[in-house]
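Notes for the one structure printed next.
Derivation of every value follows stated rules applied to the coordinates shown; laboratory data play no part. Bear in mind that the values here come from a model prediction, so they are computed numbers and not experimental data. Cβ placement follows ideal geometry from the backbone for every residue including glycine, while neighbour counts extend to all protein chains displayed.
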Amino acid sequence: MDIAAAAGLVVREVRNGTREGVPTKVSVARRTYATDRADLWDVLTNAERIPRWFLPVSGDLKVGGHYQLEGNAGGTVERCEAPEFFALTWEFGEMTSWVRVRLAEAPEGATLELEHEAVVPQELWDQFGPGATGVGWDGALYGLGAYLDTGASMDPAEAALWGTTPEGKTFMRLCADGWAEAAIASGDAPEAARAAADRTFGFYTGTSEDSSES
């Protein structure tokens, strides 16, 4: 798949929220896939299929159950309304945030909308903006699309190194810039949002390249 086209398939949005009176940031990613909603639900919730495009998962994948992604986040399944909606906590280290996923039928297939809500210290938002989590989800949504298109399982070793390849760097540059534009649309200052995107790109790729060099 053309990398620029793949990055452009995701619609990105940033919202301000609150949770128990505490201000939050909500990063929203939306993409339509050429499959039906039942299949998209299964690939997102079936423990045998999740590792084919994302990460190995263990635990009890039902409401109230605890899940653990290998080498990444774990948490609790809070809601599950097949085949339309699920919500879970996203616990990594000492930080807890919240993920909500909605699926809807679309003329071209099925649309996935993912919301990641977090309490973000202002200094961390100033440093990385929404791309801190958003670019990671872009990679996951890309892997999901590749799996649905080809049926081939992801190679975890290749996926771990993809961000260091020219193709991966191009993708992440475009995604980081896309999240910067979403932040600007939500009210962030353009210069600060684009500088945060540069730092996010560097974090994911291990480089210090800025947008003026790409």
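What are the ³J(HN,Hα) couplings of the range 37-48, residue after residue, when phi is run through the Karplus curve with 6.51, -1.76, 1.60 and θ = phi - 60°? Round to Hz, x for glycine and proline.
3J(HN,Hα) across the range 37-48, in whole Hz: 5, 4, 5, 5, 4, 5, 5, 8, 10, 8, 4, 7.
How big, in percent, is the set of alpha carbon pairs in the range 3-206 lying more than 21 Å apart? Display every interim value, and only then the final one.
Details: 10893 of 20706 pairs.
That fraction is 53 percent.
Go ahead and run the numbers for FRET between L161 and R102, Cβ-Cβ distance against an R0 of 22 Å, rounding to 0.05.
Working: r = 32 Å, r/R0 = 1.45.
Plugging the Cβ-Cβ distance into 1/(1 + (r/R0)^6) gives 0.10.
Would you mind getting me the FRET efficiency between E84 and D149? Use the beta-carbon distance for r and R0 = 30 Å, nearest 0.05. Could the numbers behind the result be given before it?
On the way: r = 23 Å, r/R0 = 0.78.
Once rounded, the FRET efficiency stands at 0.80.
Convex hull volume of the Cα atoms in the range 42-85, per residue, in Å³? Spell out each step's value before the answer.
Values: hull volume 2.9 nm³, N = 44.
Expressed per residue, the convex hull around the Cα atoms of the range 42-85 is 67 Å³.
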